[in-house]
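J.: Would you mind keeping the following structure in view while I ask a few things?
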Amino acid sequence: QVQLVETGGGLEQAGGSLRLSCAVSGLSFANFAMGWFRQPPGKEREFVADISYGGGRTNYADSVWGRFIISRDNAKNTVYLQMNSLKPEDTAVYYCAADQFYRPSRSDYDYWGQGTQVTVSS
């Protein structure tokens, strides 16, 4: 059974930082591309960042470029999202996802986590 479990969400002030983690089990992690997505209140889910199998390629949404960093540790079956210089508009439920193919900025991933809430206060 494939499981993706996000942790690290919470309440942070604008300008602060949070680090999200996504622990993956039930699949060969190193053979899967990983992505982070978010769904702001009242809006559709949107792409945030993705990373290739070994971590050599990354891709970011314009809205987070230069502030967020995606990384992965294949030995720990975990993908991370370091979020810096947080803004109130970063408030959303954040989801990680896994897919067999690395297709930058695509959203049709095979597997999804349950999400973790990030709230940024002004």
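The values are calculated or read from the model by the stated rules, or taken from the named source; none is laboratory data. Computed from a predicted model, the values in this text were never measured in an experiment. Heads up, the Cβs are rebuilt from the backbone with ideal geometry, glycines too, and the neighbour counts pull from every protein chain shown. Note: accessible area is taken over every heavy atom of the protein model, side chains too, but ligands, DNA and RNA are not part of it. Shrake-Rupley method; radii C 1.70, N 1.55, O 1.52, S 1.80 Å.
J.: Enter the accessible area per residue of the range 40-122 (Å², integer; probe 1.4 Å; all protein chains in place).
T.: 52 Å²
J.: Ordered by packing density, taken as the mean number of other Cβ atoms within 10 Å over each peptide's residues, highest first, how do 37-44, 92-99 rank? Mind dumping the intermediate values first?
T.: Details: 37-44: 12.9, 92-99: 22.1.
Highest-to-lowest ranking by the protection proxy: 92-99, 37-44.
J.: While we're here: Averaging sequence separations of C-alpha pairs under 8 Å and six or more residues apart, then dividing by the length of the range 60-122, give the relative contact order as a whole percent.
T.: Values: 73 pairs, mean separation 19.6, N = 63.
Reported as a whole number, the value is 31 percent.
J.: Out of the total accessible area of the chain (probe 1.4 Å, heavy atoms of protein only), what percent is carbon and sulfur? If you can, show how the numbers build up before the last one.
T.: Details: 2770 of 6090 Å².
About 45 percent, which is the carbon plus sulfur part of the accessible surface.
J.: Could I ask something else about it? From largest to smallest, what semi-axes in whole angstrom does the range 1-44 give when each is the square root of 5 times an eigenvalue of its alpha carbon gyration tensor?
T.: Output for the range 1-44: semi-axes of 25, 14, 10 Å.
J.: Which one of L81, L18, L27 has the biggest mean-square fluctuation once the chain is modelled by GNM with Cα springs under 10 Å?
T.: L27
J.: In the chain, if the dipole is taken from +1 on Lys/Arg beta carbons and -1 on Asp/Glu beta carbons about the Cα centre, which of A98, W36, S52 is farthest to the positive end?
T.: Projecting each Cα onto the dipole axis, the largest value belongs to S52.
J.: When the Kirkwood hydrodynamic radius is evaluated over all pairs of different C-alpha atoms of the range 32-83, what value in angstrom, to one decimal, is obtained?
T.: Hydrodynamic radius (Kirkwood, Cα pairs) of the range 32-83 is 11.5 Å.
J.: Taking 10 °C and 1.306 mPa s as the conditions, I'd like the Stokes-Einstein D for the chain in µm²/s, using the Kirkwood hydrodynamic radius from alpha carbon pairs.
T.: Estimated diffusion coefficient is 113 µm²/s.
J.: Got the relative contact order for the chain handy, in percent, Cα pairs under 8 Å and 6 or more residues apart?
T.: Normalised by residue count, the contact order of the chain is 35 percent.
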